[in-house]
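Heads up: the structure comes next, in structure tokens.
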Amino acid sequence: MPVFKSLFHGKAVIAPRIWMESEERTRPLRIEARTINDQPFIIQGLTGLSSEEPRVTGMDRILISGRWFEPGESKAVLIPSRIAKLIGYDPNRQEQKPLTLWGMDLTIVGVFSEEMLKQFPDLDGEILTPVTFPSETVIEMSEVEKEALESGDDVRNFQGNYRHLQPEQILIMPAETLLELGGQLKAVALKSSEQD
């Protein structure tokens, strides 16, 4: 991301998209998180978005309570409404226990609508959640197809070969935090600073 920041400094607002995925691409992650009442639950993926995302895409409109990440905020998380119900999260309660992920305490700053997240696709028309590949697809893809996919050629031909995780199966974290935890940069959205 420093490359993008130096290339577009003062010219564009940068919104990176980070995914935490399983090394075994045919299976989603299984991450145990603990909640307000110590009730564990499993999530299957993490998406990292920056505090700049609302300026670029208006993504903060997916929130049904709370707020988006603030600049420099690292130990924060947005949770889907399904998980909010599961853990009994009440945004009106002043004192909230943190959500614990890999021993790290994260403050729940907002709850997002899974349906609204689906309405904020990336430029390729797909949602911003990690993907899994069916095992048969991985086995059957030829070397020529793999090279075409890696080079960006004929990507549309391969779109049926993977599935995005559903929004209710993920958490959204600050992009920088997820990068530090081992997430990978998957895309970058830019908006001209003059459009602000």
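We did not get these values from a lab; they are worked out from the coordinates using the rules stated. For clarity, every value in this text was computed on a predicted model and none was experimentally measured. Virtual Cβ from ideal backbone geometry, glycine too; neighbours counted across all protein chains shown.
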inquiry  = If I model a spin label as a point 7 Å beyond the Cα along the Cα-Cβ vector, how far apart are those points for ARG27 and LEU123 in nm?
reply    = 3.5 nm
message = As an exercise, use a Förster radius of 41 Å and the Cβ-Cβ distance of ASP38 and ARG163 to find the FRET efficiency, rounded to the nearest 0.05.
response = 0.80
message = Could you give the length gained by full extension between ARG61 and LYS191, i.e. 0.36 nm per residue of separation minus their alpha carbon distance, to one decimal place?
response = 45.1 nm
